[in-house]
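Just so you know, all these numbers are worked out from the coordinates, no wet-lab data involved. In this text the structure is predicted, and so the values were computed from the model without any measurement. Positions of Cβ are generated from backbone atoms using ideal geometry, with glycine treated the same way; all protein chains shown enter the neighbour counts.
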Amino acid sequence: MSNLLVNTRDQEFVLFEQLGIDKLFETEAFKDFTKDDLLMILKEAEKLAVNVIAPTFAEGDKEGCKFKDGKVSVPKCFHEAWKKYVEGGWLAAGESPEVGGQGLPRSIAFAVSELVGAANYSFQMYPGLTHGAAGLIHSYGTEEQKNKYMYKMYAGEWAGTMCLTEPGAGSDLNLVKTTAKRLPDGKFLITGTKCFISSGDHDLTPNIIHPVLARIEGDPPGTKGISIFIVPKIRVNDDGSLGEPNDVNTGGIEHKMGIKGSATATLNFGENGKCIGELLGGEREGMKIMFQMMNEARLGTGLQGLDSATASYEHAVQYAKERIQGNDIMAGKDPNAKPVAIINHPDIRRKLMWMKSHIEGMRSLCYFVAYCMDRSTVSKTEEEKANWEGFLDLLTTVVKAYCSDKGLLVCSTGMDVYGGYGYCQEYPMEQYMRDEKIATIYEGTNGIQSLTLVGRGLGQRKGMNAMNMFAEIQKNIKKMKEHKELGKHTAILEEASNACAELTMFFVQAGKAGNFLLPILNAYKFMEIFGDVLVGHFLIDGAGVAAEKLAAIYKAKGADTPEKQKALIKDDKEAAFYFGRVASAKFFAVEILTTVKARCEAVKMDDKTPLEMSEEAFAY
Ligand SMILES: Cc1cc2nc3c(=O)[nH]c(=O)nc-3n(C[C@H](O)[C@H](O)[C@H](O)COP(=O)(O)OP(=O)(O)OC[C@H]3O[C@@H](n4cnc5c(N)ncnc54)[C@H](O)[C@@H]3O)c2cc1C
């Protein structure tokens, strides 16, 4: 029976049958875990998501956050959810026990995050940002800073944020104006305004720790002159107790389209000249340090796309099985034909396949990226480590942009499955869409992510990260090309992957020839093409595993004819699951991958119409 949020069988499939994360148990860092332990943890996370977090979804949206007398309150139901989440040790589950975590592999932490995010992403923002901010102090803080802030943040006693954006500095952080003035004791006076700060103020915890980008007086302009500071909402005394308020004032909160339970605040630092911050790491290293949190947040935002998509899909399938409308197409004009459930209509099946195949491919892609982090942690050689980290560096922007974009389209398709009811607040579909839309914008818009992928990602380590990824895809193609059932689809993947690899080289050549506008203008299209190829690769790879398992079930149950196999799939859940995984790969190859080569050719036409347009012609 579906939990209406996430297909946990598919989570297990990706983790253990596709990626084989059990290999991690052979390493010192994860030797104390077994597959059963991890499955039990995921079961607990599912219970938390279904019983504790999901009930806050609609209520939190309806109540929203409130701003009164300079203070922000979150939806009331979030308090109990936060308490249970924190008490369960979920906030730092992926951190080592020395800092209060459970030492879980990142791949499992991602699966937990998918469950909680699918239940209510607005809620997930609070622990997500707290974890990221604590992680900065973990990596770059002094022992004193860790003792003062980090442990309490990982324990969920205090919360955290990330403060980059200012009214005049959004995508372009060169323009950050917040300043830091040296004090005699080595601390700094912080002055400036940050806007759009998620979890910027709330009443879930008595203190909030803000990592703030600011420029020390006299430091150069641009991102090279930016440092990062730990700025608590309430000052912390030497004995760890809370002291005076730190002159961090909330100017207001945004009234938004979605994620209404997540407070998005404007914060004024040092309105009264009394906001004190501590330098984190070295001076002028702010961007380098903040990148750790930005990358974590980008992956989290990509996961948000998967979260919304999977919840939307699980609802859509159930609805399609229940909603009776229209006769079966095969009944023709039979006047006695009875209307059927809409899942019988070919166009609804196409929509559901589109949703399902994208979701499964994105899940494999997201968990693969998390698994890269695990593998880099346990790598035995520098080269091995660099290769795993290389995948992570290359794929972070793709996960962010591709999964948030496709996640939104999956939600939109889910709404279409519901028809008019999907557009109405009585059903959750419209909220999934509203909540998901922001994921294409924040943490760097998808346009900017695509430029980062093309401008930096593809060329990293002299192009080795990209070459390694294409080599992985080729390995899969070689393995699957002769496959009886999937060979044809693998050939489609091969054509698509080759076209994408050639386009990468075409970009390099265009850049060398001085035509750098070609990759810039087409960066978004490249990101989408690359994402499609990756998703197709992971789907074919997973389908190879699934087809083998399905064949074994058929054999064990004596299903040796197509009729018997069809009957078996109807009442054997495992057989149905594997059958569905194979179907996803076939569908995606034909529906999406067949278009890749033509899209690559279109990019190569070097059409510059958008650049040739006069501003006057854009709006008459
Ligand atoms: C709900 C919400 C929560 C947020 N949470 C946080 C948070 O916790 N912390 C934080 O620091 N910020 C946060 N933000 C800010 C968010 O990251 C920014 O809104 C985002 O990075 C875009 O900046 P901007 O809104 O100023 O848009 P702009 O930078 O003005 O961009 C407008 C458009 O121009 C495009 N554009 C800009 N520059 C270029 C370029 N060089 N080339 C091509 N296209 C370009 C953009 O892609 C975009 O389409 C949040 C925003 C929202 C709405």
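Couple of notes before you dig in:
- Expressed in units of 2.2 N^0.38 Å, where N is the residue count, the Cα radius of gyration of region 447-580 is 1.39.
- Taking every Cα-Cα distance in region 232-308 and sorting them into 5 Å bins from zero, the calculated P(r) comes out as 3, 12, 11, 15, 20, 20, 12, 6, 1 percent.
- Peptide ranges 163-170, 220-227, 126-133, 447-454 listed from the most packed, as the mean C-beta count within 10 angstrom indicates: 126-133, 447-454, 163-170, 220-227
- A simple spin-label model places pseudo-atoms 7 Å from Cα toward Cβ; at THR561 and ARG235 they are separated by 8.5 nm.
- Here the chain is assigned +1 on the Cβ of each Lys and Arg and -1 on the Cβ of each Asp and Glu. Its dipole about the Cα centre then comes out at about 860 debye.
- In terms of the mean number of neighbouring beta-carbon atoms within 10 Å, the peptides 563-575, 189-201 order highest first as 189-201, 563-575.
- Derived scalar couplings between HN and Hα for region 569-584 equal 4, 5, 10, 10, 5, 5, 4, 4, 4, 5, 4, x, 5, 5, 4, 4 Hz in order, rounded to whole Hz, by the Karplus curve 6.51 cos²θ - 1.76 cosθ + 1.60 (θ = phi - 60°), x for Gly and Pro.
- Over 18 Å [Cα-Cα, region 159-288], rounded percent: 50
- Two-decimal ratio, region 145-189, of alpha-carbon radius of gyration to 2.2 N^0.38 Å: 1.56
- Anchor LYS570: lysines whose Cα lies under 19 Å away (excluding residues fewer than 8 positions away in-chain): LYS321, LYS356, LYS549, LYS555, LYS557
- Reachable aspartates and glutamates from LYS177, criterion Cα separation under 17 angstrom, eight or more residues apart if same chain: GLU166, GLU217, ASP219, GLU271, GLU283, GLU285
- Distance from the C-alpha centroid of region 1-45 to that of region 480-507: 30 Å, rounded to the whole angstrom.
- For region 128-145, 3J(HN,Hα) computed residue by residue from phi via the Karplus equation (6.51, -1.76, 1.60; θ = phi - 60°) reads x, 5, 4, 4, x, 5, 5, x, 5, 5, 4, 7, 10, x, 7, 4, 4, 5 Hz, glycine and proline entered as x.
- Annotation for ASP416 and ALA619: the two label points, set 7 Å from Cα along the Cα-Cβ direction, are 3.0 nm apart.
- Placing one equal scatterer on every Cα of region 331-373 and applying the Debye formula, the log10 ratio I(q)/I(0) at q = 0.27 Å⁻¹ is -0.90.
- A Förster radius of 25 Å combined with the Cβ-Cβ distance from THR381 to GLU482 puts the calculated FRET efficiency at roughly 0.15.
- Rg to Rh quotient for the chain, alpha carbon positions, Kirkwood Rh: 0.98
- With contacts taken as Cα pairs under 8 Å and at least 6 residues apart, region 446-610 reaches a relative contact order of 31 percent.
- Label-to-label distance, nm, for residues given as LYS608 and GLN325 (7 Å Cα→Cβ offset): 4.9
- Based on C-alpha pairs under 8 angstrom that are at least 6 apart in sequence, region 159-288 has a relative contact order of 31 percent.
- Projecting the Cα positions of THR413, VAL398, TYR442 onto the charge dipole of region 398-445 (unit charges on Cβ atoms of Lys, Arg, Asp and Glu, taken about the Cα centre) puts VAL398 furthest along the positive direction.
- The Rg/Rh ratio for region 11-154 is 1.01, where Rg is the radius of gyration of the alpha carbons and Rh is the Kirkwood radius.
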